[in-house]
1. Could you check how many residues of the range 180-196 are modelled with pLDDT of 95 or more and not in a strand (DSSP E or B)?
2. Among residues belonging to the range 4-55 that are aromatic (Phe, Trp, Tyr) and touching a Phe, Trp or Tyr at 6+ places or on another chain (Cβ under 8 Å), point out the one that is least open to solvent (accessible area, probe 1.4 Å).
3. Mind listing whichever residues of the range 127-140 are surrounded by 14 or more Cβ atoms within 10 Å (Cβ to Cβ) and either among the aromatic types (Phe, Trp, Tyr) or part of a helix (DSSP H, G or I) (or both)?
4. State whether the residues of the range 22-40 include one that is touching a residue at least 12 places away in the same chain (Cβ under 8 Å) and of a type in the set (Val, Ile, Thr).
5. Looking at the range 162-172, which of its residues are touching a residue at least 60 places away in the same chain (Cβ under 8 Å), surrounded by fewer than 22 Cβ atoms within 10 Å (Cβ to Cβ) and more than 15 Å from Val152 (Cα to Cα)?
6. Can you report the number of residues in the range 41-100 which are touching a helix residue (DSSP H, G or I) at 6+ places or on another chain (Cβ under 8 Å), at pLDDT 85 or above and hydrophobic (A, V, I, L, M, F, W, C)?
7. Specify the residue that is farthest from Val192 (Cα to Cα); the eligible residues are those in the range 102-126 that are of a type in the set (Gly, Ala, Ser) and buried (at least 18 other Cβ atoms within 10 Å of the Cβ).
Amino acid sequence: MFALVTRWEPMVAAFRAARGLGFYWDANARQNEELEAARVAGKPVSLDDIPDLLPYATERDFWGGRAFVQAGYYYGFMRRHLPPAMRDPADAFVRMLYQEDRTGSDDLSTDAGVPGDADVLYAMRPATVRSALARAAAVPWTALEEIGNQIVVPEMIDSRYVPNYTTFADHVLHQQREWLHEAAASDRGLVVIISQ
């Protein structure tokens with residue numbers, strides 16, 4: 001999983017021109033080739049010296065992609081246990097990140113006027129980022145945690161992975177809220193990419 005905290009217009013223009021994320025994957029492949037050439041030549045490369053793939057976006061990564069993607073599954077199970085006063089504000093925020101079909105908001109394809117890209121989990125223009133933060137602020141996190149710690153989610157049908165509240169809220173949603181805060185502070189958008 002990667003998040004691109006990005007200036008919005010250049011991202012939209014690149015997405016439109018490539019009709020998807022091809023420009024991002026091409027930049028990634030070029031950088032990997034450059035790093036491999038440096039390694040073969042015996043040149044030391046510090047991770048701190050590697051520039052951002054795109055000049056208008058800062059890349060943030062998240063290790064634990066399964067937990068990230070399955071957070072939507074966890075929330076779908078947990079929400080059945082929430083009273084409406086908690087479920088409504090939680091839905092308003094979480095469904096911006098995870099729709100029923102495991103996708104979230106996609107302002108990028110909307111603004112670019114091209115079909116969405118399957119590798120985009122969600123993409124938010126700066127105004128949507130601010131809206132997401134406002135919705136996150138309305139979630140009763142302490143009460144949600146109390147209920148989340150009391151429920152046990154069954155194993156997933158296709159996996160032995162069992163999501164839990166700590167992973168869902170303290171790791172996955174916390175990280176996404178951090179990205180949203182970073183984007184809002186610089187009036188940027190946020191594009192979250194599923195990386196295989």
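1. Qualifying residue count for the region: 9.
2. Going through the qualifying residues, I end up with Phe15.
3. Result: Thr128, Val129, Arg130, Ser131, Ala132, Leu133, Arg135, Ala136.
4. no
5. His171
6. 12
7. Ala112
The values are calculated or read from the model by the stated rules, or taken from the named source; none is laboratory data. Only a predicted model underlies this, so the values are computations on that prediction, with no experimental measurement involved. No Cβ is skipped: glycine too gets one built from the backbone with ideal geometry, and neighbour counts run over all protein chains shown. Note: accessible area is taken over every heavy atom of the protein model, side chains too, but ligands, DNA and RNA are not part of it. Shrake-Rupley method; radii C 1.70, N 1.55, O 1.52, S 1.80 Å.
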